[in-house]
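Contents: one structure, followed by commentary.
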Amino acid sequence: MKKGMALLLGLALLAALVLPMAVCAETEQIFRYAVTDDPDSFDPGYTLNSFAGPVFYNCFVGLVRYNTDSELVPGAAASWDVSDDGLVWTFHLNEGMKWSNGMPVTAGDFAYAWQRVITPEFGAAGAYMIYNYIAGAQAYYNKECAWEDVGIKALDDLTLEVTLASPCSYFTALLATWTYMPVCEAVVSENPDWATDYDNYVSNGPFALESYRMGEGIYLVKNENYWLADEVKLERINFMIFQDLTTALNAYEAGELDGLTRVPSSSITTLRGRDDFYSITQFSNTYWMFNTKSEVLSNPLVREALAISIDRTALIEDVLQASYTPASGHVPYGYIQTDGQDFREAGGNYGITETAQVDRALELLAEAGYDDPSQITIRVCYYTSDTVKKVAEVLASMWETNLGIHCEIESSEWSVFYSEILALDYDVAAMGDAATYLHPMAFLQTYQGNNPPLETGWRSEEYDSLLAAALSTTDPEEADGYLHAAEDLFMNDYVLLPLYYGSTAMMVKDYVSNWTITGCAVEVFDGIEILEH
């Protein structure tokens, strides 16, 4: 009896010691990821601000989505049918889908969300991404027809019918962008400020917004009402905001972060050989915009002089120390035309070379009436970022050294900076496009129409007509021709200063498995599992 009692007591003691250790050893499914700035909105229908992308792509699911292999796959739509003429798309939604508040996700939620985007009073930055494609949407945006005349119909709770204005070969890619994501009609129609009411924020994706602290972090939790919740391992995603990339890298090295969306350019050479360093090629263009309405830059000769007097190779290799490709046009490398050529290679360089053409630039300034360029003063404006600050300083230095132009460098937080862009309160301003779908339209449409999401003051009815023609033709080769003609018109007027086509240099710990960032900067994190470490 005593031996048996002693054995039982010993086993109980052993269990008491082992079980807590097993519990403590369980790996927390929390992903801590550094992003570089605050979004300007948490409403997917309202903004095109890329800082909101990590939230939208993880909190919402459109009809189509990207998987962890960067492939477009069915999302909220289980399947769809397309008419023989390519115009009528009928989407069949998954049964049993719910919003994070438990309400059912319906085809009507998609129709309502898209209607908001093309309602002009709403002020959606991406309205053109819908009204350029769907039948009747442009007329509705212009208040020339009723909603019933628009090609968006919820036939029942699980069937959405969409009629296009003309066939579109990349429509599924558009559907994966956040502009086409749904919102919960029952919530949003009752509370127009729902996107800032964080306690009652509703989403239909794998994660839900728990809280947001400006300048600090955006905190997501697993959405237990997501219809594929059993496949989601993560319990939380903490998007920590670090405007200073060096501070973010230090936090990562100290074990306070599991990943960085970007690393300081000065550290890339040191980090490049590590297993947790990644360089993700992006379908993107980093450029600076010219205010074509400013006194000096209203002259395209001056804009051309500024564009060709930059040594892009020195900027990339000596200052940024990155593996970017010097940019010479608006559309970057990556889109292959019908004839098998890369769009950028076929389009040429518009006289923009990798190194500075100082003599030619001075000739252009003299032709514009500036024999003495020192009389020119331009405001070089950028948003808060250590990398963008370096670029601003280099541009100003090159213009002052090569041309004798005086530059005043100004910076502001993103929200203030963007409002200044829309008000044309700048001369030259930092910007860039990271396409959300793989097509030249992702770049060219940014400056189309009377209300473009980025304001340079430049307008061209011919440019708009060429893009419209590219959309309306059913001949892919003919469409490519229209797209080139539009870019030619745009670039030959030097509306932008292209700098480099890029890649994202980032860090992710080796214990973070199954994460994806696509070439269109879509961050797919719902497949992540934090391994034991």
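The values are calculated or read from the model by the stated rules, or taken from the named source; none is laboratory data. As the structure is a prediction and not an experimental result, all values here were calculated from the model. Every residue, glycine as well, gets a Cβ built from its backbone with ideal geometry; the counts of neighbours run over all protein chains shown. When the accessible area is computed, the model is the full protein with side chains, heavy atoms only, and any ligands, DNA or RNA have been set aside. Shrake-Rupley method; radii C 1.70, N 1.55, O 1.52, S 1.80 Å.
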If only one of THR90, THR27 is over 19 Å from the mean Cα position of the chain (by Cα), β-branched (Val, Ile, Thr) and assigned to a strand (DSSP E or B), which one is it?
THR90
For ASN223, state whether it is open to solvent by less than 10 Å² (accessible area, probe 1.4 Å) and either of a type in the set (A, V, I, L, M, F, W, C) or touching a helix residue (DSSP H, G or I) at 6+ places or on another chain (Cβ under 9 Å) (or both).
yes
Test for GLU317: is it open to solvent by 10 Å² or more (accessible area, probe 1.4 Å), over 18 Å from LEU454 (Cβ atoms) and touching a helix residue (DSSP H, G or I) at 6+ places or on another chain (Cβ under 8 Å):
no
Provide a single number: the residues in the range 76-132 that are over 30 Å from PRO453 (Cβ atoms) and touching a Cys at 6+ places or on another chain (Cβ under 8 Å).
2
So TYR350, is it buried (at least 21 other Cβ atoms within 10 Å of the Cβ), among the hydroxyl-bearing types (Ser, Thr, Tyr) and at pLDDT 95 or above
no
Quick check on TYR180: is it open to solvent by 10 Å² or more (accessible area, probe 1.4 Å) and within 18 Å of GLY62 (Cβ to Cβ)?
no
Residues within the range 314-351 that are under 23 Å from PHE277 (Cβ atoms) and within 19 Å of the chain's Cα centre (by Cα), tallied:
4
Of the conditions (1) on the phi < 0 side of the Ramachandran plot; (2) within 20 Å of the chain's Cα centre (by Cα), GLY123 satisfies every one except a single condition; which number is it?
(1)
So, first residue open to solvent by 50 Å² or more (accessible area, probe 1.4 Å) in the range 143-161, second residue modelled with pLDDT of 95 or more and of a type in the set (Asp, Glu), Cβ within less than 6 Å, six or more apart or across chains; the pairs are LYS153/GLU161; LEU155/GLU161
In the set THR518, THR474, THR456, which member is of a type outside the set (A, V, I, L, M) and within 30 Å of ALA251 (Cβ to Cβ)?
THR518
Kindly establish whether VAL302 is farther than 21 Å from ILE409 by Cβ and either touching a Phe, Trp or Tyr at 6+ places or on another chain (Cβ under 9 Å) or open to solvent by less than 40 Å² (accessible area, probe 1.4 Å) (or both).
no
Could you figure out which of (1) under 30 Å from GLU532 (Cα atoms); (2) touching a strand residue (DSSP E or B) at 6+ places or on another chain (Cβ under 9 Å); (3) open to solvent by 30 Å² or more (accessible area, probe 1.4 Å); (4) modelled with pLDDT of 90 or more isn't true of LEU234?
(3)
Just to be sure I understand the filter: pairs with C-beta atoms under 6 Å, separated by 6 or more residues or on different chains, first member in the range 281-302 and touching a residue at least 60 places away in the same chain (Cβ under 8 Å) and over 24 Å from SER323 (Cβ atoms), second member part of a loop (DSSP other than H, G, I, E, B) and of a type in the set (Asp, Glu). Which pairs pass?
ASN291/ASP427; SER294/ASP427; LEU297/ASP427; PRO300/ASP493
Out of curiosity, is VAL263 in contact (Cβ under 8 Å) with a residue 40 or more places away in the chain and in a loop (DSSP other than H, G, I, E, B)?
yes
Can you tell me which residues in the range 94-124 are in contact with a Gly (Cβ under 7 Å, 6 or more places away or on another chain) and either assigned to a loop (DSSP other than H, G, I, E, B) or not β-branched (Val, Ile, Thr) (or both)?
ALA113, ARG116, ALA124
Tally the residues that are open to solvent by 10 Å² or more (accessible area, probe 1.4 Å), touching a helix residue (DSSP H, G or I) at 6+ places or on another chain (Cβ under 9 Å) and over 15 Å from THR47 (Cβ atoms), restricting the search to the range 198-210.
3
Within the range 514-533, considering residues that are assigned to a strand (DSSP E or B) and closer than 16 Å to ASN58 by Cα, the one most open to solvent (accessible area, probe 1.4 Å)
GLU529
Qualifying position, being in contact with a helix residue (DSSP H, G or I) (Cβ under 9 Å, 6 or more places away or on another chain), in a strand (DSSP E or B) and touching a residue at least 24 places away in the same chain (Cβ under 8 Å), among ALA486, ALA470, ALA430:
ALA430
LEU489 vs (1) open to solvent by less than 30 Å² (accessible area, probe 1.4 Å); (2) touching a Phe, Trp or Tyr at 6+ places or on another chain (Cβ under 6 Å); (3) not basic (Lys, Arg): all pass except (1)
In the range 433-467, anything open to solvent by less than 30 Å² (accessible area, probe 1.4 Å) and within 16 Å of ASN291 (Cα to Cα) is listed as THR446, TYR447, GLN448, PRO452, PRO453, LEU454, GLU455, THR456, GLY457, TRP458, SER460
Could you identify the single residue in ARG272, ARG213, ARG262 that is open to solvent by 40 Å² or more (accessible area, probe 1.4 Å) and modelled with pLDDT of 95 or more?
ARG213
Hits in the range 306-343 (condition: in a helix (DSSP H, G or I) and touching a residue at least 40 places away in the same chain (Cβ under 8 Å)):
LEU306, ALA307, ILE308, ARG312, THR313, ALA314, LEU315, ILE316, VAL319, LEU320, PHE343
Matching residues in the range 391-411 - criterion: being out of contact with any Ser or Thr (no Cβ under 7 Å at 6 or more places or on another chain) and over 19 Å from GLU304 (Cβ atoms)
VAL391, ALA392, GLU393, VAL394, SER397, ILE409, GLU410
